[in-house]
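K.L.:
Got a structure here, written out as C-alpha cells. Questions coming.
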C-alpha cells in the first residue's frame, strides 16, 4: 500500500484527494457509501502491475477531499463536473471507468452526459435505472418500503448524522460493511443503525476480507469529516430527477460490463433482479456486453470478492 502515491488536485472549485499507481491507460475508480479511495486498494495494486495507470479519488464530501457545506452542491452535475475535471487533469481524453454503489450512479451520469470521456465501463452493484417521468425516486422508495427505509430516513439534513453520532464511528462503518441481510435496510426513528442487524456490533465478527486495519482506516477518515457530505448525495436524488428531465429515455451507448453479488441488497430490492433478467437493462444499455452475478457475495463485492472482480475488470478492459 505504501507504493500508492497520493496527491491533491484542484478540480471544479474544490481540492480533491487522489490515490494513484502505475503507468499506461487510465483506469478511474469511483467509490460508494460509506467508502473512500481505499475500497479499491486490491484493484489498484493488481491492475497497476498489469500495465494500467490506476486512479482513485475520494469523491466530493469524502475523506481528504473538500466537503462543501451546502446540500445543493452535491447534485449529479457537481459530482460529474468534478470527475470530468479530474480526467482532464490527468492529461487524457478517455478513461476506463470502474465504479461501485454511489460511484456507479455517478458513473452512469458520466456516461450519459460525457460519453466521450469513457472507453468502457465496468459497473458494480447498481445498474442504470431509467428515469421514471411520473414519480420521483425517493417518493417511489417511500411508497415501496415506508418512511423508515434508509434512503428516506437520510433525507432530513442533520437528522441521520445525529443518529450516527450516538454510536462510535467504527461501529457505524462495521455495521454497514458487515451487513449481509438481503431485505430492505430499515432505520427506525431514534436508532442509528439498521434494525436488521444486532445492536451490539461487537457481536459481529469481521469477515476475512475486511481486517481491523481496514476498519480503522475508514473510521479514522469519517471521524474527521463526519457523514454529512456522503449523506448529501442521497438528499439530492429527487433534485437530480428534476435536473435530468431532458435525458429521459436516453440510452447509454458505451461498452458496459455489470458485476453484482446475488446477496447484494441492491440486486434483491427494487425489482432489480427482474429488471436485469427480463432484458430491460439491456434495452437501456444496448452495448451491455456481460452481466456477472457472483454467488454468495454481498454488496461490497469489490472487497469481498476482490480477486474475482479484478479478473473480470482486466478481462473486459483489455479488449479495448
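Every number here is computed from the coordinates shown, using simple stated rules; none is lab data. Since this is a predicted model, take the numbers as computed values, not measurements. A quick note on method: Cβ atoms are made from the backbone with ideal geometry, for glycine too, and the neighbour counts reach across all protein chains shown.
K.L.:
Separation of the range 264-320 and the range 100-129 by C-alpha centroid, Å?
P.N.:
Centre-to-centre distance over Cα atoms comes out at 12 Å.
K.L.:
Follow-up question, since we're still on this one. Starting with the fewest neighbours, write out 239, 144 ranked by other beta-carbon atoms found within 10 Å of each beta-carbon.
P.N.:
Starting with the residue having the fewest Cβ neighbours, the order is 144, 239.
K.L.:
Another question, then. Quick one: work out the % antiparallel among DSSP beta bridges in the chain, nearest 5.
P.N.:
Just about 35 percent of them are antiparallel.
K.L.:
Which peptide among 249-259, 38-48 comes first, and what is the full order, when sorted by highest mean count of other Cβ atoms within 10 Å?
P.N.:
For the peptides 249-259, 38-48, the packing ranking is 38-48, 249-259.
K.L.:
What is the projected area of the convex hull of the Cα atoms of the chain, averaged over all directions, in nm²?
P.N.:
In nm², the orientation-averaged hull projection of the chain is 14.7.
K.L.:
Also, quick follow-up: Round to a whole angstrom and tell me the spacing of the C-alpha centers of the range 141-178 and the range 7-39.
P.N.:
26
K.L.:
Express the Stokes-Einstein translational diffusion coefficient of the range 11-65 in µm² s⁻¹, to the nearest whole number, given a Kirkwood radius over alpha-carbon pairs, 4 °C and a viscosity of 1.567 mPa s.
P.N.:
Calculated translational D: 114 µm²/s.
K.L.:
Rg(Cα) of the range 126-179 divided by 2.2 N^0.38 Å?
P.N.:
Computed over Cα atoms of the range 126-179, the ratio equals 1.41.
K.L.:
What FRET efficiency comes out for the pair residue 243/residue 289, r = Cβ-Cβ distance, R0 = 22 Å, nearest 0.05? Please list the in-between numbers first.
P.N.:
On the way: r = 29 Å, r/R0 = 1.34.
Once the sixth-power term is evaluated, E becomes 0.15.
K.L.:
Can you give the FRET efficiency for residue 162 and residue 2, using 1/(1 + (r/R0)^6), R0 = 51 Å, r = Cβ-Cβ distance, to the nearest 0.05?
P.N.:
For residue 162 and residue 2, the calculated efficiency is 0.85.
K.L.:
For the chain, what's the relative contact order in percent, using C-alpha pairs closer than 8 Å and at least 6 residues apart?
P.N.:
Numbers: 567 pairs, mean separation 63.6, N = 320.
Averaging sequence separation for qualifying contacts and normalising by length gives 20 percent for the chain.
K.L.:
Pop a pseudo-label 7 angstrom from the Cα along the beta-carbon direction at both residue 136 and residue 181 and give the gap in nm to one decimal.
P.N.:
Computed distance between label sites residue 136 and residue 181 equals 2.7 nm.
K.L.:
While we're looking at this one, here's another question. Under a plain spin-label model, where a point goes 7 Å from the Cα along Cα-to-Cβ, how far apart in nm are residue 224 and residue 72?
P.N.:
Calculated label separation equals 3.0 nm.
K.L.:
Find the relative contact order for the range 212-298 and round it to a whole percent, using C-alpha pairs within less than 8 Å whose residues are 6+ positions apart.
P.N.:
With pairs under 8 Å counted, the relative contact order is 35 percent.
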